[in-house]
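The values are calculated or read from the model by the stated rules, or taken from the named source; none is laboratory data. All values reported here derive from a predicted model rather than from experimental measurement. All Cβ positions, even for glycine, are placed from backbone atoms using ideal geometry, and neighbour counts span all protein chains on display. Surface areas here come from the heavy atoms of the whole protein model, side chains and all, with no ligands, DNA or RNA. Shrake-Rupley method; radii C 1.70, N 1.55, O 1.52, S 1.80 Å.
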Amino acid sequence: CLTKIQTQGRRCKDITHKLLSFARKTDHAVKTVQLNELITEVAGLSEQRALHNKVHIQTSLQEDLPIVNVSPSEVQQVLLNLLNNSFDAMDEKGGTINIVSKTSGQYAVVEVADTGPGIPDDVLPRIFDPFFTTKPVGKGTGLGLSICYGIITKMGGDIHVTSAVDHGTTFQLLFPLPDQELEKN
């Protein structure tokens, strides 16, 4: 019992240090950004892991996607987390991740969809809860999606998820368009 307590104590210490280290590195400055550039960059950064995991990343990006005002590093963090979760979910079986950008009403929308095993209905309502994870001990902290949710909502956006067991999961990120872009639409 004492060994388990020590192990979990070390795990908590590691998580805290990683969070503090990450928080210091992140540039929270909001800038005018073309989301397609961030998507292309993150997809490129993930290519090696995709190859290793037998995953094909496809993008379908709206060419005239309006600019948005966001923190580029935080949006990259969200996209990387979603891609990494997809890689983990698809395991050694592989599959496909589709990243789509488009406009919908007053939002620029980014969808990250995978062909993984999906998320069971009883788990779906809890995925954004801090410290909730379905991963084995030592493989996940349960903070990734909670942090993603916080980042997106802090920027005035929203995040939705749809999933079907044995068919995959889709995360939809909504970023508010600047007022001048709304007047054009």
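Results, tabulated for the structure shown:
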item: Output for the stretch 97-131, where each listed residue is touching a His at 6+ places or on another chain (Cβ under 8 Å) and under 30 Å from residue 12 (Cα atoms); result: 118
item: Residue ID - modelled with the lowest pLDDT, chosen from residues in the stretch 146-181 that are open to solvent by 40 Å² or more (accessible area, probe 1.4 Å) and charged (D, E, K, R); result: 179
item: Pick from the stretch 77-103, criterion at pLDDT below 95 and among the polar types (S, T, N, Q), ranking: least open to solvent (accessible area, probe 1.4 Å); result: 86
item: Test: residue in the stretch 125-140 that is open to solvent by less than 30 Å² (accessible area, probe 1.4 Å) and modelled with pLDDT of 95 or more; result: no
item: Pairs with Cβ under 6 Å, 6+ apart, first in the stretch 77-89 and in contact (Cβ under 8 Å) with a residue 24 or more places away in the chain and closer than 24 Å to residue 29 by Cβ, second in a helix (DSSP H, G or I) and open to solvent by less than 40 Å² (accessible area, probe 1.4 Å); result: 78/148; 78/151; 79/42; 80/42; 81/144; 81/148
item: Any hit, the stretch 54-70, residues being loosely packed, with under 12 Cβ neighbours inside 10 Å, modelled with pLDDT of 95 or more, within 18 Å of the chain's Cα centre (by Cα) and closer than 30 Å to residue 166 by Cβ; result: yes
